[in-house]
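First comes the structure, then the notes that go with it.
The values are calculated or read from the model by the stated rules, or taken from the named source; none is laboratory data. Note that the structure is a prediction, hence the values are computed from the model and not measured. So basically every Cβ, Gly included, is an ideal-geometry build from the backbone, and we count neighbours across all protein chains shown. With ligands, DNA and RNA removed, areas are computed over all heavy atoms of the protein, side chains included. Shrake-Rupley method; radii C 1.70, N 1.55, O 1.52, S 1.80 Å.
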Amino acid sequence: MTATPIRPAVSLTRPRAVVTGLLGVGSALAVGDLVAGLVAPASSPFLTVGDQFVRLTPEWLKQFAIATFGTADKLALLTGMALVITGMAVAAGLLARRRPAPGVAVVVAMGVTALVTTVLAPAFRPVDLLAPAVALLVGPTVFHAVHAAFTRAARDGLGAAAPLSRRRALSLAGGVAVVSLGATVAGRLLAAAPSTSGPAALALPPAPPVPALPPDATLPGAPAWLTPTADFYRIDTALQVPRVDTASWTLRVHGMVERELTLSLDQLRARPVVEVPITMVCVSNPVGGALTSNARFTGVRLADLLAEAGIGPGAQQLLSTSVDGFTTGTPVDVVTDGRDALLAFGMNGEALPVEHGFPVRMVVPGLYGYVSGCKWITDIEVTTWDAATPYWAERGWAREGPVKTQSRIDTPVAGASVPAGRVVVAGTSWAPHVGITRVEVAVDGGTWVPARLGADLGADTWRMWRTEIELGPGEHTLRVRATDRTGTVQTEREQVSIPDGATGRHTVPVTAV
Ligand SMILES: Nc1nc2c(c(=O)[nH]1)N[C@H]1C(S)=C(S)[C@@H](COP(=O)(O)O)O[C@H]1N2
Ligand SMILES: [Mo]
């Protein structure tokens, strides 16, 4: 009869405990990335949790993030998340120095969080469960195995088998680390691989030709009238841009209509096509900010499609839904008042880029993007204001969002040193769907002096301006104001972006030397 050997109680060293935690959590995330890359890129557990975090973030925190990090807010979020996850992995390891159970429990809890988050995603499909499910199996298993190997090494540390068990433990840990890294890289590459049905594969149907740009559409010192697509501002809640399969994509128009419509991409593109320049503005744009751009959009007129569906009496709102669940609510009377509200599939002569809504987005001249610019659109429900509240209205922003008249000084930039004497002051101004008739500049609170305006290319686009002023040596402030076609002068009343767009006048300090 043999006595059960008494196992000496051992405790993992702190570094080994930390490594155990990091490998358990890291391998789970890595295998999640790999499986997601193979079956459903949007289901990477890391990104799913991030997306849910974006949806649940209170408005003040979101405003703080945008104010602090600007358009790098997504990177900031992902970095913050990585830090929190690393902290939890370290904690899982340190809680498990004597027994694996507390650490395994932490890893399981993280996995369950990812799983639940996946189910709560607005565009959830059952296949999305695969990545977090595999991660939930792998994480605790790896944690347990590495923990066991280190525990054996620690125990044998007192005996003759020490070198062998230590080597085994270290090669297990090293192996897990290498395989995890490989899985993450492979998963990310798979997710980023250009899809065969992406924008590159899609030529635009011909639209009636547009007149050549007059030379004074752009003025020296002001931004290019037509924003190059690569420079067009981008704002959305998607941590990972949705990749839409064009073959199975449809647009459904339903709700308070006489005839429900469902169009394939080919059917939409077969309709009469127009190409119109439209200046888009984000409601979050601060006075003097860069969240506005101008492009030629190619697409079909939304009003025609709605007429075909037949809008029922009492309809007020077009509730548009993106494939990733984001929603915009657009006033029915605005899109049917004759303006060029579009379902666009082209931008600056090429297929809409993935970041700007491929294959189809809505663009409505005169309205901020958050109430009109639904990217990756797949559904339009004709409804009332009371029946549905869209994404940003749910979060405290105004239900309706006409763009406010604004002007911006692009040259010189704030804080610049300029040679005293005649100084070029130039920039842009916009009053979308109303039009700009006058821009004036004032130095040091003095009289308003009109600037020369660039070509008038229609009320739906911004207008450049330029002037030269005399600056003596010393510090100065330059200020700009625009007047729209109704004769209304841009207000000097200062207001922040939330709830319906910033107001005030762009003011730029400069030093003349
Ligand atoms: N699907 C989706 N569409 C969206 C958004 C979004 O977060 N998701 N953001 C809106 C906002 S706030 C703006 S200002 C515009 C920006 O469009 P752009 O990124 O092409 O400039 O898209 C709008 N459409
Ligand atoms: Mo926006």
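Some notes on this structure:
- Applying the set (1) touching a residue at least 24 places away in the same chain (Cβ under 8 Å); (2) open to solvent by 20 Å² or more (accessible area, probe 1.4 Å); (3) more than 19 Å from the chain's Cα centre (by Cα) to Gln406 leaves exactly one unmet item: (2).
- Where strands (runs of 3 or more DSSP E) fall entirely within region 327-443, those with at least 1 residues that are more than 20 Å from Asn285 (Cβ to Cβ) and within 16 Å of ligand 1 (Cβ to nearest atom) are at 327-331, 342-347, 377-383.
- Count of region 192-241 residues which are within 23 Å of Arg301 (Cβ to Cβ) and either within 16 Å of ligand 1 (Cβ to nearest atom) or touching a Lys or Arg at 6+ places or on another chain (Cβ under 8 Å) (or both): 7
Okay, residues lined up against (1) hydroxyl-bearing (Ser, Thr, Tyr); (2) under 20 Å from Tyr368 (Cα atoms); (3) more than 16 Å from ligand 2 (Cβ to nearest atom):
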| residue | (1), (2), (3) |
| --- | --- |
| Pro209 | no, no, yes |
| Asp231 | no, yes, yes |
| Glu258 | no, no, yes |
| Ser264 | yes, no, yes |
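- Residues in region 250-273 that are within 27 Å of the chain's Cα centre (by Cα), touching a residue at least 24 places away in the same chain (Cβ under 8 Å) and within 17 Å of Ala203 (Cβ to Cβ): Leu265, Leu268, Arg269.
- Tabulated pairs, region 71-95, first more than 19 Å from Pro15 (Cβ to Cβ), second open to solvent by 40 Å² or more (accessible area, probe 1.4 Å), C-beta under 6 angstrom, 6+ apart or interchain: Asp73/Ile66; Ala76/Phe69
- Residue match in region 302-321 (condition: within 16 Å of ligand 2 (Cβ to nearest atom), out of contact with any His (no Cβ under 9 Å at 6 or more places or on another chain) and either part of a loop (DSSP other than H, G, I, E, B) or under 23 Å from Asp456 (Cα atoms) (or both)): no
- Matching option when the condition is open to solvent by 70 Å² or more (accessible area, probe 1.4 Å) and either touching a residue at least 12 places away in the same chain (Cβ under 8 Å) or among the charged types (D, E, K, R) (or both), among Pro199, Pro206: Pro206
- Every condition in (1) within 16 Å of ligand 1 (Cβ to nearest atom); (2) in a strand (DSSP E or B); (3) among the acidic types (Asp, Glu) is met by Asp324 except one, and the failing one is (2).
- From the options Val354, Val334, residue that is away from ligand 2 (no atom under 16 Å from the Cβ), modelled with pLDDT of 95 or more and open to solvent by 10 Å² or more (accessible area, probe 1.4 Å): Val334
- From Val281, Val274, residue being among the β-branched types (Val, Ile, Thr) and open to solvent by 30 Å² or more (accessible area, probe 1.4 Å): Val274
- All positions within region 242-256 that are closer than 30 Å to Gln63 by Cα and either open to solvent by less than 40 Å² (accessible area, probe 1.4 Å) or away from ligand 1 (no atom under 14 Å from the Cβ) (or both): Pro242, Val244
- Test for Gln267: is it closer than 29 Å to Thr384 by Cα and either out of contact with any Asp or Glu (no Cβ under 6 Å at 6 or more places or on another chain) or surrounded by 18 or more Cβ atoms within 10 Å (Cβ to Cβ) (or both): yes
- Scanning region 373-392 for residues that are within 13 Å of ligand 2 (Cβ to nearest atom) and farther than 23 Å from Ala230 by Cβ yields a count of 3.
- Within region 460-478, tally of residues that are in contact (Cβ under 8 Å) with a residue 60 or more places away in the chain and closer than 16 Å to Arg408 by Cα: 6
- Residue list for region 444-467, restricted to those being in contact with a strand residue (DSSP E or B) (Cβ under 6 Å, 6 or more places away or on another chain) and either part of a loop (DSSP other than H, G, I, E, B) or farther than 28 Å from Pro277 by Cβ (or both): Asp444, Trp448, Val449, Ala451, Gly454, Asp460, Thr461, Trp462
- Subset tally (residues that are touching a residue at least 24 places away in the same chain (Cβ under 8 Å) and closer than 19 Å to Pro214 by Cβ) for region 439-457: 6
- Counted residues, region 286-329 - those being free of Cβ contacts under 8 Å to residues at least 40 places away in the same chain and open to solvent by less than 50 Å² (accessible area, probe 1.4 Å): 1
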